[in-house]
Amino acid sequence: MKHLILGFGMVAVGLLSARSSVDRELENCSGDLTCVSKVLAELIEDSADGGSHGGGSDQYIEFYHDDGQCDLSNLIKRVRFGISTSGCTQASQSVTQRVWGVKIDGVCSDISDIDFLVACNRYASVDKNAAQKILK
């Protein structure tokens, strides 16, 4: 299994060389298979939704299970800004952890610990500027 994930990761890295945000995230994983699998799963999920993960992290908000550190190993989910409430509900079905931090435009913020569905509806269902204002 380990070799399969590593092999898939290497193929994905090769195919995605133009996608600098994905490359950076995979590089930040430093070989941690859990981290690599999270990055690749988010990329696959985004592609299935017709998204463009490589289009830049400014289109996404990331939810973390840590207090404002935004360590990639604690990434819960990456969600596109403007997601519908039904999209948040669907995304929350695979999430068991509470959200402790969010990351927008590379800035990590500690938030009051809340359920992922509540966090998604509060921060991701709006545009990026609105989400940043909520955090202030």
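Only the coordinates and a few stated rules stand behind these numbers; no lab work does. Since the structure is predicted, the reported quantities are computational estimates derived from the model, not experimental observations. Positions of Cβ are generated from backbone atoms using ideal geometry, with glycine treated the same way; all protein chains shown enter the neighbour counts.
For this structure, a couple of remarks:
- Distant-in-sequence amide contacts of GLY82, defined by a placed amide H-H separation under 5 Å and a gap of 5 or more residues or a different chain, comprise SER125, VAL126.
- A simple count of charges around VAL126, restricted to other residues whose Cβ falls under 14 Å of its Cβ and scoring Lys, Arg +1 and Asp, Glu -1, yields +4.
- Mean Cβ neighbour count within 10 Å, used as a protection proxy, ranking 68-81, 88-101 highest first: 68-81, 88-101
- At full extension, LEU33 and ASP67 could sit 10.0 nm farther apart than now, given 0.36 nm per residue minus the alpha carbon distance.
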